[in-house]
Each structure stands twice: as structure tokens, then as C-alpha cells.
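Asker: Right, I'll just put the structure down here and ask away after.
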Amino acid sequence: MAAMQQESAIRTSNTARVLIYLLLLLFAFFYLLPLFVMGVNSVKPLSEITGGNMMALPEIWTLEPWRKAWSEAQVGVQATGLKPYFWNSIKMVVPAVFISTILGALNGYVLTKWRFRGDTILFGLMLFACFIPFQIVLIPMARVLGIFALAGTTWGLVLVHVVYGIGFTTLYFRNYYAAFPTELVRAAQIDGAGFFQIFWRIMLPSSGPIIVVSVIWQFTNIWNDFLFGASFADFSSQPMTVALNNLVQSSTGVKEYNVHFAGAILAALPTLLVYIVAGRFFVRGLMAGSVKG
């Protein structure tokens, strides 16, 4: 009797597991369907899209839409292809991610291992800054960029994203360092290590998981930003997302949907690759301390 009950429980468990997997596969299908449509139609001639089924595989495979989306000829003062703006985004993202991550690590280090009066209030204000809508800071930020002669430049966008990202990176590192043994810091002080020696030789080398979290978070937010790029960049410093919008708007007459699909994939590809390569480290970093405290 007990064996029969155990066998029935195993069957029920297996059935529930199969149903859960089927449900997850269904969700994955609907989630990935837009990406499939974009990918398939980006390698079709335009005639197959306008006069055929967008879900069908191409009858004629072509990479011409990708070539046009990447390196179309220049029109007036602005290029219609995404190539120069891709490098603008790289020049913006790399320093912004690096600077905001280092500053967040320093802030987290100070707020946990070098406590001072009012540090909790300061951290609360920085945390509050994470939830300020982008639209509120547009006019003050434009004024600041004008004062420092950074308006319409890539370094102006770097400054904007560093300022807006410090709250998030500080939150991550502060929570991570809160679980770090304070005794190690005190021992280093007794041995004569100074503020920056402790940071560079003890804190930062042990911060790999949370650095990955900070880098992925900042890279994704900065690369995908449209509002700041549209507000503070000129033709020579526009990032990828703004250029993608211009690519779509530049089409006259018949819309080149295959080129638009290819451009959208090109714009999304860097963040997609980052999550594919480092997504598991992102989860490990969160579990390692960024949600503690």
C-alpha cells in the first residue's frame, strides 16, 4: 500500500513538472516570437514582407538590409547608417560604466567601513536619486552641460550617465560591502594601510561578483537610453538608439521594414550578448550581496 502511494506521488510530481515545463516553453515562445519575426524579416527582400507572410522563412535570403542599416550613405550632415553612431555609443558607454562603477565602489566602501555622522541620511538621499524621473533633470542638466561647455558632446553624455548611475552603483556596493568582514579592514589599518591601500588591495579585489552586477546594469541602461541622447547630443555625438530612430524616420515613401528590423537587431545586439555571456554572473552577484542589508 505504501509503495503504491509513493508511486502515485512520483507520478503526480512528474506530471506537475511536465506541465510547468510546458508552460515555461509557452512563455518562452511568446517572449522570443518578436525576435524571430525581426530576424527572419531582416534577411528578406522588401517585396516578401509587404506582399507575404511576415512569419514565413525567406524565399530569397539577403544581407542587403543589414548592409544598408549599418553603413548607408550620408545624407546632408547626418549619416543614415548606424556605423558611426555605434562607435559613439561605445565611446559613451565604456567610460561612463567604468567611472560610475569605481565611484560606486568608493561610496560603498566609505558608507560601510568609514562610517561618519549623517552617513545614513546621505545614503538615503543617493538612494532617493535613483527614483527621480529622467524628465525632471533635463533642464538643470542642460544648464550644467552648457556651463561646462559639454553640450552636444560625447563627454557630456558620459557625465549625465555617471551622475544618474552613481545612486545605483552605490546601492549595490554598499549592500555588498556591508557583509564584508570589518575585521580585515581594521587589521589592515593596524598594519599601517591607508584609505586607498585598503580599497585597492583588499576591497576591490574581492568585489568581482558585484562589479559584474554594476557593469551589466550600467551598460544596459546607458546603451538603451534614448531620452538623454536625444536631448543632449548633436549630429556628431548621437548614440545608437537615437540613430535607430532617425533611420526609421528617414525612410520616405515605402517603409524599408527589413532595414528597420536589421537596425533594431544591431542596436540590441550588444546588450543581448552581454546577458548571454555574463547573465549567470549577474545572478550570482545579486545573490552574493547586492540585495542584502
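The values are calculated or read from the model by the stated rules, or taken from the named source; none is laboratory data. For clarity, every value in this text was computed on a predicted model and none was experimentally measured. FYI the Cβ positions are ideal-geometry reconstructions off the backbone, even for glycines, and counts take in every protein chain you see. Only protein heavy atoms, including side chains, enter the accessible area calculation; ligands, DNA and RNA are left aside. Shrake-Rupley method; radii C 1.70, N 1.55, O 1.52, S 1.80 Å.
Asker: Which order, highest average first, do 86-95, 259-268 follow once you tally other Cβ atoms within 10 Å for each residue and take the mean per peptide? Show your work: numbers first, answer last.
Answerer: Details: 86-95: 19.1, 259-268: 21.8.
Averaged packing, sorted descending, gives the order 259-268, 86-95.
Asker: Give me the distance in nm between label points sitting 7 Å out from Cα along the Cα-to-Cβ direction at CYS130 and ARG280, one decimal.
Answerer: Calculated label separation equals 2.7 nm.
Asker: Thinking of segment 83-287 as a set of Cα atoms, what percent of all their pairs are more than 30 Å apart? Mind showing how you got there, number by number?
Answerer: Working: 6678 of 20910 pairs.
Here the long-distance tail beyond 30 Å is 32 percent of all Cα pairs in segment 83-287.
Asker: Here's another thing I want to ask about it. In square angstrom, rounded to the nearest 10, how much accessible surface does ILE166 have for a 1.4 Å probe?
Answerer: 40
Asker: Okay, moving on. Under 10 Å, Cα contacts only: if you run a Gaussian network model on the chain, which one of LYS255, LYS83, LYS68 comes out with the highest mean-square fluctuation?
Answerer: It is LYS255.
Asker: About its Cα centre, what dipole magnitude does segment 150-283 give when the only charges are +1 on Lys and Arg Cβ and -1 on Asp and Glu Cβ, stated in debye to the nearest 20?
Answerer: Working: 5 positive and 5 negative charges, 46 e Å.
So the magnitude is around 220 debye.
Asker: While we're looking at this one, here's another question. How would GLU48, GLU64, GLU183, GLU59 line up by accessible area, probe 1.4 Å, largest first? Could the numbers behind the result be given before it?
Answerer: Values: GLU48 30, GLU64 80, GLU183 130, GLU59 160 Å².
Largest accessible area first, the residues go GLU59, GLU183, GLU64, GLU48.
Asker: I'd like to know which of THR220, ILE210, ALA28 lies farthest towards the positive end of the charge dipole of the chain, counting +1 on Cβ of Lys and Arg and -1 on Cβ of Asp and Glu.
Answerer: After comparing all options, I get ILE210.
Asker: Hey, any idea what % of the chain's accessible area is carbon plus sulfur with a 1.4 Å probe?
Answerer: 71
Asker: Amide H to amide H under 5 Å from LEU82: which residues, 5+ apart in sequence or cross-chain, H placed 1.01 Å off N in plane?
Answerer: Residues meeting the amide H criterion: TRP70, SER71, GLU72.
Asker: Further, regarding this structure: With only Lys, Arg, Asp and Glu charged, each at its Cβ (+1 for the first two, -1 for the last two), find how big the charge dipole of the chain is about the Cα centre; round to the nearest 20 debye. Walk me through the numbers on the way to the answer.
Answerer: On the way: 18 positive and 11 negative charges, 146 e Å.
The calculation lands at about 700 debye.
Asker: Given the options ASN245, ASN14, ASN41, state which has the largest fluctuation in a GNM of the chain using a 10 Å cut-off (strictly under) for Cα springs.
Answerer: Fluctuation is largest for ASN14.
Asker: For ILE216, ILE60, write out the residues from largest to smallest accessible area, computed with a 1.4 angstrom probe and no ligands counted. Could you put the intermediate results ahead of the total?
Answerer: Working: ILE216 5, ILE60 105 Å².
Highest to lowest solvent-accessible surface, that is ILE60, ILE216.
Asker: Okay, next question. Considering only protein heavy atoms, what is the solvent-accessible area of PHE29 at a probe of 1.4 Å, reported in Å² to the nearest 10?
Answerer: 110
Asker: So, one more: With θ set to phi - 60° and the Karplus curve 6.51 cos²θ - 1.76 cosθ + 1.60, what are the ³J(HN,Hα) couplings of segment 120-128 in order, to the nearest whole Hz, using x for Gly and Pro?
Answerer: 5, 5, 4, 5, x, 5, 5, 5, 4
Asker: Would you list, by chain and number, the lysines whose Cα falls below 30 Å from the Cα of LYS68, excluding same-chain residues fewer than 8 positions away?
Answerer: LYS44, LYS83, LYS91, LYS255
Asker: Taking the solvent-accessible surface of protein heavy atoms with a 1.4 Å probe, what is the per residue accessible area of the chain in Å²? Walk me through the numbers on the way to the answer.
Answerer: On the way: 16740 Å² over 293 residues.
Here the residues of the chain average 57 Å² of exposed surface.
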